Structure formats: C-alpha cells, structure tokens
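Trainee: Structure provided below as structure tokens; questions to follow.
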Amino acid sequence: MKILFIGGTGNISLSTTRLLLSQGHELWLLNRTGSHPDLPGAHFIRGDIHDSTTQLALVKREWDVVVNWIAFTAAEVERDIDLFRDKTRQYVFISSASCYQNPGPTPYITERTPLENPFWEYSRNKITAERTLVHAYESGGFPATIVRPSHTYSTVIPLTIGGWQEYTAVMRMKQGNPVVVQGDGTSVWTLTHADDFARGFVGLLGNSAAIGEDFHITSDEFLTWDTIYQLTAAAVGAEAKIVHVTSDRICAMDPDYRGTLLGDKSVSAIFDNSKIKRLVPEFRAQIPYRDGIKRTIAWFEADPSRQVLDPATDAFIERLITTTR
C-alpha cells in the first residue's frame, strides 16, 4: 500500500511506522525535518500540514491510506476532509480513549460507551473532531476510520506526576525518595505498549471493513496504580515509596492536572477489545507492563539527555507530600 503518515515518529506512531516498513509498504512521512535517522526505507516530505504549500504537495499524489497522528480539533479534521476527499481510499483519525464517559454504563469500556469528558478540553476537542468525521462519512461517504489509543507508552514513562517525557519520578525512586500516587492507589488502569498497539492498528489499514467504524486498541492487562509504580521502580532496581494524595487535592494545588486526572486517570479504565479482535484476529497484546517498562527504562538510560529532571515537578511532589502528612 501507498500510505501517508502526517506525523509518524512519536511515542505511539513510531512502532507502527517500523512495522509497516518491515512489511514492505510504501510509507511516506510528513514532518518538519524531512527525515528520521532510524527509518531506512521510509520516504519523507518536509513541511507543515498547516502550510498551504505543503498541502498542495500532498494532494498531487493519491494515497491508499492517510493517517493523521497530530490532528486535535474539528477544524483540522475539516481541512483534511477537504484535502483528501478524492485523494485517499481511507483516512484514519487518531482520537483518544479519554473521550469515553468514565465511569460509563458498564464496568468495561466498549466502542458504544458514550463519548463525554467534562473535565478535559483536549478530549472534548477530539470528540467534536470525531463527530465531524462521522458526519462526513454518513453524508458524503468520506472513508473515515477512528482509532482511540489509551495511555500507550514506549518512549515515555506512564506515571502521573513526574513521568511521561520526564525522568523525575523514576529518579526519586532510584534515590529512595517518596513519589505521589493519586487516590488510594487501588483503582485499576490499562497501559498498552506501542508495539502491541501497532499490531492491531496495521490490521485496520487498507481494510474496507474498517471504513465508517471506530476502534480502541489496548492491552487486556489492567493493574492498580500502586502496582504500576512498583513495577516501574522494580525496572530500575528500586522500591516505590508511595504517598497517596487525592486527585482533588492534586488538582487544587495545580489545576493543570484537572484534565489528565479528573478527566482520565482518577477513575478505573478496563477495555473490551472484542471489536478490534473480530476485525483483526491476529491482534493480541503480548507485552505485559513488567516487561514493557523495562524496555522503556532501557531507552531512557541509553542516552543521558533523555533523563529530563524538572525541579518544578520535584518541588511540587514535595509540597504534595508535605501537605498530606
């Protein structure tokens, strides 16, 4: 297949890029550098999807599949619909599982769980973008597929405070300092390694049965937050000294956490992956977190520049611990 990725070298997408290249697909990536050192065999277009000159270059070709990894709003999706309406057989929008109402009507999240998130603007924007695509499909046959990842990791550390692109929480654990876990640590959460996500995602590309459909692609493993922190600590030969702080208190002290906590990680999330497995029978998540986090830690420790320590985050953790005692 001839595939265009808008983006394609990030935490979630890079695994998919590598898998498609290993399968021999003609893969083009649009990014601002026009290159990537670790992707031999990929074709690159240097540019910015927001730039009209870049847009004209993209629509000079016809594509079997276009995937936009970096669209966040309805306006961006509307632009893509106008650009690729007659230029691709399938357009894939990367949404987010944070769009689901949680808690929903059942303990398990399915694709029919209502989309609602009053706490996080990011999720509400994704929901509006999804509705724009659904309307374009239903009214004009635009060949849309919607995919909702959920807390997918590879080159990020999936901890709530001091993680992601930071190494702050991990360093605290290595030094024997306490870390903060939201709530009482017993709510359960689903973490998915990007290599597992890629196996399910690739099965949707060029698949006519995926047109007009939505899917989440996650692991079937769910862990308590205390276990997630302990397994992360074990990956660096440490033990997590956990201090529990309510999500409300964390958000009161720093409202920037309101979306990611009250709108996401403060509630348990367990996913029913029946729909993606029916369409892509070969998909199974094979990487448990205890193994996946070791790969991630190895990636961070392979290059000291990746081990970003943020003094402001460290100080915030200390304030949370102090006010809890």
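The values are calculated or read from the model by the stated rules, or taken from the named source; none is laboratory data. All values derive from a computational prediction rather than experimental measurement. So basically every Cβ, Gly included, is an ideal-geometry build from the backbone, and we count neighbours across all protein chains shown.
Trainee: Scan segment 123-145 and give yes if some residue there is in a helix (DSSP H, G or I), more than 26 Å from Y108 (Cα to Cα) and basic (K, R), otherwise no.
Mentor: No, the conditions are met nowhere in segment 123-145.
Trainee: Search segment 46-65 for residues being closer than 17 Å to M1 by Cβ and within 24 Å of the chain's Cα centre (by Cα), and hand back the single one that is surrounded by the most Cβ atoms within 10 Å (Cβ to Cβ).
Mentor: Applying the first criterion (closer than 17 Å to M1 by Cβ) to segment 46-65 yields 58, 61-65.
Checking the rest, the ones that are also within 24 Å of the chain's Cα centre (by Cα) come to 64-65.
Numbers: D64: 15, V65: 23.
Applying the filter and picking the extreme gives V65.
Trainee: Have a look at T186, T160, T155, T190 and point out the one that is within 19 Å of T9 (Cβ to Cβ) and either modelled with pLDDT under 95 or not aliphatic (A, V, I, L, M) (or both). Show your work before the answer.
Mentor: Details: T186 fails: within 19 Å of T9 (Cβ to Cβ); T160 fails: within 19 Å of T9 (Cβ to Cβ); T190 fails: within 19 Å of T9 (Cβ to Cβ).
Testing whether each residue is within 19 Å of T9 (Cβ to Cβ) and either modelled with pLDDT under 95 or not aliphatic (A, V, I, L, M) (or both) leaves just T155.
Trainee: Something else now. With the requirement that a residue be surrounded by 15 or more Cβ atoms within 10 Å (Cβ to Cβ) and assigned to a loop (DSSP other than H, G, I, E, B), what does segment 269-287 give you?
Mentor: A269, D272, N273, V280, F283, A285, I287
Trainee: Where residues in segment 244-268 are in a loop (DSSP other than H, G, I, E, B) and either at pLDDT 95 or above or in contact with a Lys or Arg (Cβ under 9 Å, 6 or more places away or on another chain) (or both), which of them is surrounded by the fewest Cβ atoms within 10 Å (Cβ to Cβ)? Give the steps one after another, and end with the answer.
Mentor: So the first thing to find is which residues in segment 244-268 are in a loop (DSSP other than H, G, I, E, B), and the list is 246, 254, 266-268.
Cutting the leftovers down to either at pLDDT 95 or above or in contact with a Lys or Arg (Cβ under 9 Å, 6 or more places away or on another chain) (or both) gives us 246, 254.
Details: T246: 14, D254: 16.
For segment 244-268, the residue satisfying everything is T246.
Trainee: Consider R199 carefully, then state whether it is outside the structural domain of G162 (by TED's automatic domain parsing), surrounded by fewer than 18 Cβ atoms within 10 Å (Cβ to Cβ) and assigned to a helix (DSSP H, G or I).
Mentor: Numbers: outside the structural domain of G162 (by TED's automatic domain parsing): yes; surrounded by fewer than 18 Cβ atoms within 10 Å (Cβ to Cβ): no; assigned to a helix (DSSP H, G or I): yes.
For R199, the condition - outside the structural domain of G162 (by TED's automatic domain parsing), surrounded by fewer than 18 Cβ atoms within 10 Å (Cβ to Cβ) and assigned to a helix (DSSP H, G or I) - is not met.
Trainee: Which strands (runs of 3 or more DSSP E) sit wholly inside segment 1-86 and have at least 3 residues that are in contact (Cβ under 8 Å) with a residue 60 or more places away in the chain? Reasoning before the result, please.
Mentor: Numbers: elements: 2-6, 26-31, 43-46, 65-68.
Hits in segment 1-86: 2-6, 65-68.
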